[in-house]
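The values are calculated or read from the model by the stated rules, or taken from the named source; none is laboratory data. Keep in mind that this is a model prediction, so the values were computed, not measured. Cβ atoms come from the backbone with ideal geometry, glycine included; neighbour counts cover every protein chain shown. When the accessible area is computed, the model is the full protein with side chains, heavy atoms only, and any ligands, DNA or RNA have been set aside. Shrake-Rupley method; radii C 1.70, N 1.55, O 1.52, S 1.80 Å.
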Amino acid sequence: MLDSPSDDGLEILRAKLDSIDLRFLEELRARIETCVEIAHHKRENDVRMMQPHRIRLVQERAARFGEEHGISQDFLRRLYDLIIEETCRVEDVVIGAAP
């Protein structure tokens, strides 16, 4: 089957999506790196790792963003549950590590 102009358009859109995905993953990595910095600060200042009020604030901000931009609040809540779970795991490792 020959390539059609619509195939070219699809490839352009897929390349755009790939670029967005790469930026998303880079930002996620940067977020985790910042959580590592926070974990070092918590360890050095004897601050508890788990901060439920902060988790609520992040979840509420994501829900507002979803509402304002037509993105499912449930989806964003579940996404942030996964992100927070991973950052808590990373913080636990850093806080539990020998200085």
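Tell me the carbon and sulfur percent of the accessible area for the chain, rounded to whole percent, probe radius 1.4 Å.
Values: 4600 of 7840 Å².
Here carbon and sulfur together make up 59 percent of the probe-accessible area.
Mind grabbing the accessible area of HIS53 for me, 1.4 Å probe, Å², rounded to tens?
For HIS53, the solvent-accessible surface is approximately 110 Å².
Suppose all protein chains stay in the model; what accessible area per residue would a 1.4 Å probe give for the chain, in Å²? Numbers along the way, then the final one.
On the way: 7840 Å² over 99 residues.
Using a 1.4 Å probe on heavy atoms only, each residue of the chain averages 79 Å².
For the chain, just run the numbers: alpha carbon Rg, then divide by 2.2 N^0.38 Å, N being how many residues it has.
Numbers: Rg = 18.9 Å, N = 99, 2.2 N^0.38 = 12.6 Å.
For the chain, the normalised Cα radius of gyration is 1.50.
What distance in nm lies between label points placed 7 Å from Cα along the C-beta direction at HIS53 and ILE83?
Here the modelled spin labels are 2.2 nm apart.
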